[in-house]
Amino acid sequence: MIKLSNINKIYNSGTINETCLFTDFNFEVKKDEFISIIGSNGSGKTSMLNIICGSIPIDSGDITINGNSIVKLKDFQRSRTIGRVYQNPAMGTCSSMTILENMSLADNKGKLFGLTRGTDKKRIKHYKELLSQLNLGLEDKLGVKVGLLSGGQRQALALLMSVMTPVDILILDEHTAALDPKTAEIIMELTDKVVREKQLTTIMVTHNLRYALEYGNRLVMMHEGNVIMDLNEEEKKNADVDDILKIFNRISLEKGNSL
(Lines give C-alpha, C1' and ligand atoms only; values in the text may rest on other atoms or scores of the structure.)
Protein backbone atom coordinates (compact mmCIF):
# COMPACT_ATOMS: atom_id res chain seq x y z
CA MET A 1 0.00 0.00 0.00
CA ILE A 2 2.46 2.67 1.25
CA LYS A 3 6.17 2.13 0.83
CA LEU A 4 9.02 4.43 1.83
CA SER A 5 12.27 3.35 0.21
CA ASN A 6 15.75 4.58 1.09
CA ILE A 7 14.48 7.89 2.42
CA ASN A 8 17.12 10.50 3.25
CA LYS A 9 16.19 13.74 4.97
CA ILE A 10 18.50 16.42 6.37
CA TYR A 11 17.20 19.53 8.11
CA ASN A 12 19.10 22.84 7.90
CA SER A 13 21.65 21.41 5.49
CA GLY A 14 24.96 23.26 5.40
CA THR A 15 24.38 25.13 8.66
CA ILE A 16 25.60 24.60 12.22
CA ASN A 17 22.10 23.30 12.98
CA GLU A 18 22.29 20.57 10.34
CA THR A 19 20.41 17.48 11.50
CA CYS A 20 20.23 14.19 9.65
CA LEU A 21 16.89 12.63 10.55
CA PHE A 22 16.50 9.78 8.07
CA THR A 23 19.33 7.82 6.46
CA ASP A 24 18.22 5.16 3.94
CA PHE A 25 15.02 4.79 5.93
CA ASN A 26 12.59 2.09 4.82
CA PHE A 27 9.03 1.58 6.00
CA GLU A 28 6.02 -0.25 4.61
CA VAL A 29 2.32 -0.08 5.42
CA LYS A 30 0.01 -2.82 4.18
CA LYS A 31 -3.54 -2.24 3.04
CA ASP A 32 -6.09 -1.98 5.87
CA GLU A 33 -3.41 -1.79 8.57
CA PHE A 34 -4.06 0.54 11.50
CA ILE A 35 -0.60 1.41 12.81
CA SER A 36 -0.02 3.14 16.13
CA ILE A 37 3.35 4.90 16.26
CA ILE A 38 5.04 5.97 19.50
CA GLY A 39 8.48 7.36 20.24
CA SER A 40 10.38 10.16 21.92
CA ASN A 41 10.35 13.74 20.66
CA GLY A 42 12.55 14.07 17.59
CA SER A 43 12.30 10.39 16.73
CA GLY A 44 10.87 11.11 13.28
CA LYS A 45 7.22 10.21 13.89
CA THR A 46 5.59 13.39 12.62
CA SER A 47 8.30 13.95 10.02
CA MET A 48 7.41 10.60 8.48
CA LEU A 49 3.75 11.65 8.29
CA ASN A 50 4.78 14.96 6.69
CA ILE A 51 6.90 13.12 4.14
CA ILE A 52 4.00 10.83 3.20
CA CYS A 53 1.56 13.75 2.93
CA GLY A 54 4.03 15.93 1.03
CA SER A 55 4.25 18.66 3.66
CA ILE A 56 8.05 18.41 3.60
CA PRO A 57 10.25 17.23 0.72
CA ILE A 58 12.77 14.41 0.91
CA ASP A 59 16.39 14.73 -0.18
CA SER A 60 16.39 11.34 -1.89
CA GLY A 61 14.50 8.06 -1.96
CA ASP A 62 11.04 7.11 -3.13
CA ILE A 63 7.49 7.03 -1.76
CA THR A 64 4.92 4.83 -3.45
CA ILE A 65 1.23 4.15 -2.94
CA ASN A 66 0.01 0.96 -4.55
CA GLY A 67 3.26 0.80 -6.50
CA ASN A 68 2.96 4.32 -7.94
CA SER A 69 5.53 6.95 -6.97
CA ILE A 70 4.07 10.08 -5.39
CA VAL A 71 7.35 11.93 -4.81
CA LYS A 72 6.63 14.50 -7.51
CA LEU A 73 3.04 15.10 -6.38
CA LYS A 74 2.25 18.24 -4.36
CA ASP A 75 0.56 17.93 -0.98
CA PHE A 76 -2.84 19.01 -2.35
CA GLN A 77 -2.59 16.31 -5.02
CA ARG A 78 -1.80 13.64 -2.42
CA SER A 79 -4.72 14.81 -0.29
CA ARG A 80 -7.10 13.39 -2.88
CA THR A 81 -6.38 9.92 -1.52
CA ILE A 82 -5.04 10.85 1.94
CA GLY A 83 -7.12 12.28 4.78
CA ARG A 84 -5.30 13.94 7.69
CA VAL A 85 -6.25 15.10 11.19
CA TYR A 86 -3.79 17.32 13.06
CA GLN A 87 -2.98 17.74 16.75
CA ASN A 88 -4.38 21.26 16.76
CA PRO A 89 -8.17 21.14 16.11
CA ALA A 90 -7.88 24.53 14.41
CA MET A 91 -5.71 23.14 11.60
CA GLY A 92 -8.34 20.85 10.11
CA THR A 93 -11.10 23.44 9.93
CA CYS A 94 -11.64 27.13 9.16
CA SER A 95 -12.71 29.03 12.29
CA SER A 96 -14.24 32.02 10.48
CA MET A 97 -16.56 29.83 8.42
CA THR A 98 -19.70 27.99 9.50
CA ILE A 99 -20.00 24.23 9.94
CA LEU A 100 -21.98 24.14 6.68
CA GLU A 101 -19.29 26.04 4.79
CA ASN A 102 -16.54 23.85 6.23
CA MET A 103 -18.35 20.67 5.28
CA SER A 104 -19.05 22.00 1.81
CA LEU A 105 -15.35 22.67 1.30
CA ALA A 106 -14.47 19.17 2.48
CA ASP A 107 -17.22 17.67 0.32
CA ASN A 108 -15.72 19.33 -2.77
CA LYS A 109 -12.06 18.58 -2.05
CA GLY A 110 -10.17 18.10 -5.29
CA LYS A 111 -12.96 19.54 -7.43
CA LEU A 112 -12.94 22.76 -9.43
CA PHE A 113 -15.29 25.32 -7.88
CA GLY A 114 -15.28 27.84 -10.72
CA LEU A 115 -17.87 30.58 -10.17
CA THR A 116 -20.54 28.36 -8.65
CA ARG A 117 -21.94 28.82 -5.14
CA GLY A 118 -19.69 27.62 -2.31
CA THR A 119 -22.45 25.65 -0.60
CA ASP A 120 -25.09 23.36 -2.05
CA LYS A 121 -28.39 23.41 -0.14
CA LYS A 122 -29.24 20.04 -1.65
CA ARG A 123 -26.44 18.50 0.45
CA ILE A 124 -27.62 19.92 3.80
CA LYS A 125 -29.68 16.83 4.65
CA HIS A 126 -26.64 14.65 3.96
CA TYR A 127 -24.44 16.85 6.15
CA LYS A 128 -26.93 16.65 9.00
CA GLU A 129 -27.03 12.86 8.74
CA LEU A 130 -23.24 12.71 8.94
CA LEU A 131 -23.09 15.09 11.90
CA SER A 132 -25.82 13.25 13.80
CA GLN A 133 -23.53 10.19 13.92
CA LEU A 134 -21.15 12.17 16.15
CA ASN A 135 -23.81 12.50 18.88
CA LEU A 136 -22.59 16.03 19.64
CA GLY A 137 -25.65 17.96 18.48
CA LEU A 138 -23.74 19.59 15.63
CA GLU A 139 -26.45 18.70 13.11
CA ASP A 140 -28.49 21.54 14.58
CA LYS A 141 -25.63 24.06 14.39
CA LEU A 142 -24.85 24.22 10.68
CA GLY A 143 -24.94 28.01 10.74
CA VAL A 144 -22.55 28.32 13.71
CA LYS A 145 -18.98 29.42 13.03
CA VAL A 146 -16.53 26.63 13.75
CA GLY A 147 -14.37 28.94 15.88
CA LEU A 148 -17.15 28.95 18.48
CA LEU A 149 -17.08 25.16 18.93
CA SER A 150 -15.24 23.36 21.72
CA GLY A 151 -11.94 21.67 20.93
CA GLY A 152 -13.57 18.24 21.00
CA GLN A 153 -16.44 19.28 18.73
CA ARG A 154 -13.97 20.85 16.32
CA GLN A 155 -11.72 17.78 16.27
CA ALA A 156 -14.69 15.49 15.70
CA LEU A 157 -15.73 17.72 12.80
CA ALA A 158 -12.18 17.71 11.42
CA LEU A 159 -12.13 13.89 11.56
CA LEU A 160 -15.47 13.69 9.76
CA MET A 161 -14.36 16.20 7.12
CA SER A 162 -11.11 14.33 6.46
CA VAL A 163 -13.02 11.30 5.15
CA MET A 164 -16.01 12.97 3.46
CA THR A 165 -14.51 12.33 0.05
CA PRO A 166 -13.29 8.82 -0.83
CA VAL A 167 -9.80 8.40 0.64
CA ASP A 168 -7.73 5.26 1.05
CA ILE A 169 -5.40 6.47 3.79
CA LEU A 170 -6.02 8.29 7.08
CA ILE A 171 -3.16 10.10 8.81
CA LEU A 172 -3.66 10.97 12.50
CA ASP A 173 -1.01 13.29 13.90
CA GLU A 174 -1.44 13.20 17.70
CA HIS A 175 -5.06 14.12 17.11
CA THR A 176 -6.11 13.69 20.76
CA ALA A 177 -3.11 15.39 22.40
CA ALA A 178 -4.78 18.80 22.78
CA LEU A 179 -8.01 17.41 24.24
CA ASP A 180 -9.07 16.70 27.82
CA PRO A 181 -9.14 12.98 28.79
CA LYS A 182 -12.92 12.53 28.45
CA THR A 183 -13.07 14.22 25.06
CA ALA A 184 -9.99 12.31 23.89
CA GLU A 185 -11.79 9.04 24.68
CA ILE A 186 -14.78 10.13 22.58
CA ILE A 187 -12.55 11.08 19.64
CA MET A 188 -10.65 7.77 19.81
CA GLU A 189 -13.89 5.77 19.82
CA LEU A 190 -15.10 7.82 16.86
CA THR A 191 -11.77 7.30 15.10
CA ASP A 192 -11.98 3.53 15.52
CA LYS A 193 -15.55 3.56 14.20
CA VAL A 194 -14.60 5.60 11.11
CA VAL A 195 -11.55 3.44 10.34
CA ARG A 196 -13.55 0.21 10.61
CA GLU A 197 -16.58 1.38 8.65
CA LYS A 198 -14.59 2.89 5.80
CA GLN A 199 -11.83 0.22 5.92
CA LEU A 200 -9.09 2.82 5.89
CA THR A 201 -5.37 2.19 5.98
CA THR A 202 -4.41 4.29 9.00
CA ILE A 203 -1.24 5.64 10.59
CA MET A 204 -1.68 7.19 14.04
CA VAL A 205 1.09 8.97 15.90
CA THR A 206 0.28 9.19 19.60
CA HIS A 207 1.89 10.03 22.94
CA ASN A 208 -0.69 7.90 24.72
CA LEU A 209 0.67 4.38 25.21
CA ARG A 210 -2.74 3.02 26.22
CA TYR A 211 -4.27 4.22 22.97
CA ALA A 212 -1.31 2.77 21.04
CA LEU A 213 -1.93 -0.63 22.61
CA GLU A 214 -5.73 -0.53 22.56
CA TYR A 215 -6.28 0.68 19.01
CA GLY A 216 -4.96 -0.62 15.70
CA ASN A 217 -3.41 -3.90 14.61
CA ARG A 218 0.28 -2.93 14.57
CA LEU A 219 2.51 -1.06 17.01
CA VAL A 220 5.70 0.73 15.99
CA MET A 221 8.23 2.53 18.17
CA MET A 222 10.64 5.00 16.57
CA HIS A 223 13.90 6.48 17.82
CA GLU A 224 16.34 8.82 16.08
CA GLY A 225 14.88 8.18 12.63
CA ASN A 226 14.72 4.40 12.97
CA VAL A 227 12.09 1.80 13.82
CA ILE A 228 13.29 0.04 16.97
CA MET A 229 10.11 -1.97 17.65
CA ASP A 230 7.52 -3.32 15.21
CA LEU A 231 4.79 -5.57 16.61
CA ASN A 232 2.16 -7.26 14.47
CA GLU A 233 -1.43 -7.75 15.64
CA GLU A 234 -0.78 -10.95 17.59
CA GLU A 235 2.43 -9.64 19.16
CA LYS A 236 0.65 -6.41 20.05
CA LYS A 237 -2.15 -8.27 21.84
CA ASN A 238 0.40 -10.18 23.91
CA ALA A 239 2.67 -7.20 24.52
CA ASP A 240 3.64 -6.44 28.10
CA VAL A 241 3.07 -2.78 28.85
CA ASP A 242 5.86 -2.67 31.41
CA ASP A 243 8.38 -4.06 28.91
CA ILE A 244 7.40 -1.43 26.34
CA LEU A 245 7.64 1.29 28.98
CA LYS A 246 11.12 0.13 29.96
CA ILE A 247 12.33 0.42 26.36
CA PHE A 248 10.72 3.82 25.99
CA ASN A 249 12.04 5.12 29.30
CA ARG A 250 15.54 4.06 28.32
CA ILE A 251 15.51 5.97 25.03
CA SER A 252 13.78 8.92 26.70
CA LEU A 253 16.57 9.22 29.25
CA GLU A 254 19.07 9.18 26.42
CA LYS A 255 17.21 12.01 24.63
CA GLY A 256 16.01 13.82 27.75
CA ASN A 257 12.38 13.99 26.67
CA SER A 258 9.08 12.18 27.00
CA LEU A 259 6.56 10.10 25.05
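When the helices in the chain are scored as -39500 (n - 2.57) per DSSP H run of 4 or longer and the sum is shared across all residues, what 222 nm value do you end up with, to the nearest 500 deg cm²/dmol? Display every interim value, and only then the final one.
On the way: 9 runs with 87 residues, N = 259.
Value at 222 nm, helices only: -9500 deg cm²/dmol.
Determine the alpha carbon to alpha carbon distance for each of K45/K128; K31/K125; K72/K109; K3/K246; K125/K182 and list only those over 24 Å.
The pairs that break the limit, which is 24 Å between Cα atoms, are K45/K128; K31/K125; K3/K246; K125/K182.
May I ask which residue of M221, Y211, L245 lies farthest towards the positive end of the charge dipole of segment 203-245, with charges of +1 (Lys, Arg) and -1 (Asp, Glu) on Cβ and the Cα centre as origin?
Among M221, Y211, L245, the one farthest towards the positive end of the dipole of segment 203-245 is Y211.
Say each of R80 and N226 gets a label point 7 Å from the Cα, pointing the same way as Cα to Cβ; how far apart are those two points in nm?
My value for the distance between the label points is 3.9 nm.
Under a Cβ-only charge scheme (Lys and Arg +1, Asp and Glu -1), can you give me the dipole magnitude of segment 187-259 about the Cα centre, in debye to the nearest 20?
Values: 10 positive and 13 negative charges, 41 e Å.
That gives segment 187-259 a dipole magnitude of about 200 debye.
Placing unit charges on C-beta atoms (Lys and Arg positive, Asp and Glu negative, everything else neutral), compute the dipole magnitude of segment 11-85 about its Cα centre in debye, rounded to 20.
Numbers: 8 positive and 8 negative charges, 76 e Å.
Roughly 360 debye, rounded to the nearest 20.
Students often check this: by mean Cβ neighbours within 10 Å, which of 215-224, 143-152 ranks highest, and how do the rest follow? List each step's numbers first, then the result.
Values: 215-224: 21.3, 143-152: 16.0.
Result, highest mean Cβ count within 10 Å first: 215-224, 143-152.
In straight Cα distance, which aspartates and glutamates are under 14 Å from K30, not counting same-chain residues fewer than 8 positions off?
D168, D230, E233
Using unit Cβ charges (K, R positive; D, E negative) and no other charged atoms, how large, in debye to the nearest 20, is the dipole of the chain about its Cα centre?
On the way: 32 positive and 32 negative charges, 250 e Å.
My answer is approximately 1200 debye.
Relative contact order, percent, of the chain when contacts are C-alpha pairs under 8 Å separated by at least 6 residues? Before the final figure, lay out the partial values.
On the way: 443 pairs, mean separation 71.2, N = 259.
Reported relative contact order: 27 percent.
State the three equivalent ellipsoid semi-axes of the chain, derived from the C-alpha gyration tensor as the square roots of 5 times its eigenvalues, in descending order and whole Å.
Working: eigenvalues 205, 99, 58 Å².
The three semi-axes for the chain are 32, 22, 17 Å.
What whole-number value in Å² describes the accessible area per residue of the chain for a 1.4 Å probe?
On the way: 13310 Å² over 259 residues.
The answer is 51 Å² per residue.
Rank H175, F76, G110 by how far each Cα sits towards the positive end of the charge dipole of the chain (+1 on Lys, Arg Cβ; -1 on Asp, Glu Cβ) and give me just the farthest.
Result: G110.
The values are calculated or read from the model by the stated rules, or taken from the named source; none is laboratory data. Just so it is clear, the model here is predicted, and its values are computed rather than measured. Every residue, glycine among them, receives a Cβ derived from its backbone with ideal geometry; neighbour counts consider all protein chains shown. These area figures cover heavy atoms from the full protein model, side chains too; ligands, DNA and RNA do not enter into them. Shrake-Rupley method; radii C 1.70, N 1.55, O 1.52, S 1.80 Å.
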